[in-house]
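Below: the structure, in structure tokens.
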Amino acid sequence: MYQILKTSHSHFAWLALAFVALAVIMAFVARMNKKSWSKSDFKFALFGLIAAHIQFLMGLILYFISPMGLDNLSGATMKDSVGRLFALEHPLMNIIAIALITIGYSKAKKLLNTDRASKTVMIYYGIGLILILSRIPWSSWLA
Ligand code: HEM
Ligand code: HEM
């Protein structure tokens, strides 16, 4: 169970990053062209949201079963940058990021067919993406 989830969370991370980034790019393009977001453009925001939620769910379970997660949360871990990243910074930062993406999605959904829909997605998903990228365990992921 642990190995399967760990591998899935590791591989699905590519997809989640790609879908969130695609939503930001499409929202940015719409802003540049001063186009309002219709229901079909909004699919990009929905796919980004779903990918982020699936990744979140896998990460949340991992946090409780991984030896790098809650198990490793202690005072000594706080002095070790790799331990702190997995046990604290990565989970906490990603929860904040996915909350922002979810808030952005629900705000934008109410603004469909106005130019504020794409602006809202661009800002909320954009900040979320930056937060996610700031706390990816790059060295173990790409190793
Ligand atoms: C612990 C896990 C999860 C939590 C806490 C969670 C939480 C939420 C919340 C709070 C919203 C509300 C957004 C709004 O106001 O419209 C939402 C929407 C949504 N979630 Fe999740 N979610 C989780 C897992 C998932 C998973 C695994 C999927 C996909 C397989 C998913 C797909 C969706 C979709 C499609 C919506 C948008 C519904 C809409 O169009 O309004 N979520 N989720
Ligand atoms: C979009 C959001 C997220 C992305 C892109 C992401 C990505 C990653 C990546 C790339 C790894 C490294 C995998 C490896 O070394 O091969 C990882 C590990 C991990 N993630 Fe996430 N993650 C996200 C959200 C979360 C959340 C919300 C939690 C917990 C609440 C979480 C908990 C963990 C844990 C505990 C590990 C370490 C697993 C282990 O090596 O035992 N992640 N994540």
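Along the Cα-to-Cβ line of N72, 7 Å from the Cα, sits a label point; which residues in segment 103-143 have backbone N less than 16 Å from it? Correct set: 135-143. The mean sequence distance of close C-alpha pairs (under 8 Å, at least 6 residues apart), as a share of the length of segment 1-110, puts its relative contact order at 28 percent. Distance between the 7 Å Cα→Cβ label points at T102 and L60: 0.6 nm. Among the lysines of the chain, pairs at least eight places apart or on separate chains and with Cα atoms under 22 Å apart come to 21. Its Cα centre serving as origin, the chain has a Cβ charge dipole (Lys and Arg +1, Asp and Glu -1) of approximately 680 debye.
The orientation-averaged shadow of the Cα convex hull for segment 50-105, equal to a quarter of the hull surface, comes to 3.8 nm². When peptides 120-129, 26-35 are ranked by their average number of other Cβ atoms within 10 Å per residue, the highest-first order is 120-129, 26-35. Excluding ligands, DNA and RNA, the accessible surface per residue across the chain is 58 Å² with a 1.4 Å probe.
Once divided by 2.2 N^0.38 Å, the Cα radius of gyration of the chain becomes 1.14.
The values are calculated or read from the model by the stated rules, or taken from the named source; none is laboratory data. This one's a predicted model, so the numbers in the text were calculated from it and none came from an experiment. With ideal geometry, Cβ positions are generated from the backbone for all residues, glycine too; neighbour counts draw on all protein chains shown. In case anyone asks, the SASA skips ligands and DNA or RNA and just uses the protein heavy atoms, side chains included. Shrake-Rupley method; radii C 1.70, N 1.55, O 1.52, S 1.80 Å.
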